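Colleague: Encoded as structure tokens, here's the structure I'll be asking about.
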Amino acid sequence: MIGWRSKAAAVAVAALVLAGCSSGGSGAGPSGTSAGPKSLVLGQFLAQSTFDTRKAEWGNRALYYQAVYDTLLRGTSEGTIEPYLASAFTYNDDNTVLTLTIREGVKFSDGTALDAGVVKQNLDRFKSGGGAYATDLANVKTIEAPNPTTVVLTLSAPDPALTAYLSREAGLVAAPSMFDAKDADTKPVGSGPYVLDSTASVTGTKYVFTKNPSYWNADVQHYDTITMNVLADPTAIVNAIKAGEVDAAVLTDNNNLDQVKASGFTLATAELNFMGLLLLDRAGKTNPALGDVRVRQAINYAVDRPGLLKALQKGNGSVTAQVFPTSSAAYDEALNERYPYDPAKAKALLAEAGHADGIDITMASTAVLGGAMFPLVGQQLADVGIRVKWVDTPVENYIADLTAPKYAAIPMQLETNPDWQLIQFMLSPTAPFNPFKYGDATSEKLIKEIQTGDEATQKAKAAELNRYIVEQAWFAPFFRVSAAYAFDAKDVTVKLNPRNIVPSLYDFTPVS
């Protein structure tokens, strides 16, 4: 996922500051030589906005957090959720009580002990901390630590995604010394495999992490030093690759794949995100026109999906009209044909809705999504009478404005998670990417049935929900992005994470 979990989640976008690329290794090239300490240099297109775990996001920022913090559970490259700081986890029969066994003997980098009481404090702080992803724990009613090695989460209702959240932002565990620290945004104290070297780092530009000598799981410490250089735009990333200044980097578009391959880098690709318009104000609170389903459907008919895929991604990806991933039981290939490019149909729907003279919509634009998209989409909408006023927005403000909510509709690239995570991420009234808290009787009934049903019911109702939101035009997806992660296979081996285009930090290993 390019990872606007910002949430945002998430998503959630911090300032992108053009970074100078420094080697960080011993010897020639980023990774150094076999004779010296092993180092890894990664190109990141997002700077770290904060190390305060209450405000944590995943996606492209996962690597920053994984360097210095442990999570209670761990998401593997095989797509499974396994024990980590919690050495075991079990549910009761009705999936409303989750019991975590906390690993013994773990210490934070400041020397203090990690136990169940500290884990409880972290979970409580995350849930009540006001971060964009605090809703990860929305179904957690109580958190208890009956003894130093046990944490018990009692849920108000089953949450099929809870263990996944505990392998991500909600499961991060920080030292108590950070709780009231004024420098918590920039000085992390965790139990993770690395420690931030503040003297060698430049906030917003370069982050240097050194091996934690007392880490409890040396098997995942593949490097002595990891440097993350922030590269502000696609050109900067490609230039760093061509110059041999990074070992690996996420590519933010597909316009330079030939140059990357010519530089000797290997590309790992996956369609984990969709690009499109989030039609957020479905009740018409700030833009009454969007409260009419015919207007939202008109927007869908107005966009030339195949043309946009070719123009913006050189055809690398798949046209889609739905946000559920192809791996989901909810996915229906036929739904991708629901809104063929039909400007005449779009105009007719606008007229039927009482807008024969067109409508006006203000949307944000931002460089990180690629400057070419905005004039193309704007022109296609203008051709049917939908006049867009673009507001150029710094990337560090984009997600905050989206989730404020500030815009009735907005272009975005979002991850497509497994069903319940996707629902909690962008569909339910409490979802961070549903900032107007929209829901109706049909969607809320289906969501409840998915939450509480058995596996067969969950799959059937997710398919119903997918069909419903496509028909109601909650979104106007353009295509699924074939996101690419580039790495120098001569020096580093990378395993992709099936839920994130950015691999887990544990899955970068040096070539012997």
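Bear in mind these aren't lab numbers, they're just calculated from the coordinates by the rules spelled out. Predicted model, so just to flag it, every value in this text is computed and none were measured.
Colleague: If you average over every viewing direction, what projected area does the convex hull of the Cα atoms of the chain give, in nm²?
Modeller: For the chain, the mean projected area of the Cα convex hull comes to 22.1 nm².
Colleague: Would you kindly compute the Cα radius of gyration of region 70-176 and its largest Cα-Cα separation (Dmax), both in Å?
Modeller: 12.9, 40
Colleague: Related question: Please state the shape class of region 272-482: rounded when a/c is under 1.5, otherwise prolate if a/b exceeds b/c and oblate if not, all from the C-alpha gyration tensor.
Modeller: Cα axes put region 272-482 in the rounded bin.
Colleague: Which value at 222 nm does the chain reach when only helices count, each DSSP H run of 4 or more adding -39,500 (n - 2.57), with the total divided by all residues and rounded to the nearest 500 deg cm²/dmol?
Modeller: Taken over the chain, the calculation gives -6500 deg cm²/dmol.
Colleague: Would you mind pulling out the separation of the Cα centroids of region 222-246 and region 278-321, in Å?
Modeller: So the two Cα centres are separated by 34 Å.
Colleague: Also, I was wondering about something else. Which whole-number percentage describes the relative contact order of region 70-176, with Cα contacts under 8 Å and a sequence gap of 6 or more?
Modeller: 34
Colleague: Any idea what the relative contact order of region 272-482 is, in percent, if you count C-alpha pairs under 8 Å spaced at least 6 apart?
Modeller: Value for region 272-482: 38 percent.
Colleague: Among DSSP beta bridges lying fully in region 272-482, give the percent that are antiparallel, nearest 5.
Modeller: For region 272-482, the DSSP antiparallel bridge percentage is about 70.
Colleague: Stretch ILE81-ALA404 to full length: gain in nm at 0.36 nm per residue minus the Cα-Cα span?
Modeller: My answer for the length gained is 113.1 nm.
Colleague: Step through the table entries LYS38/LYS211; LYS261/LYS490; LYS127/LYS459, compare each Cα-Cα distance with 19 Å, and write down the pairs that go over it.
Modeller: Flagged as over cut-off: LYS127/LYS459.
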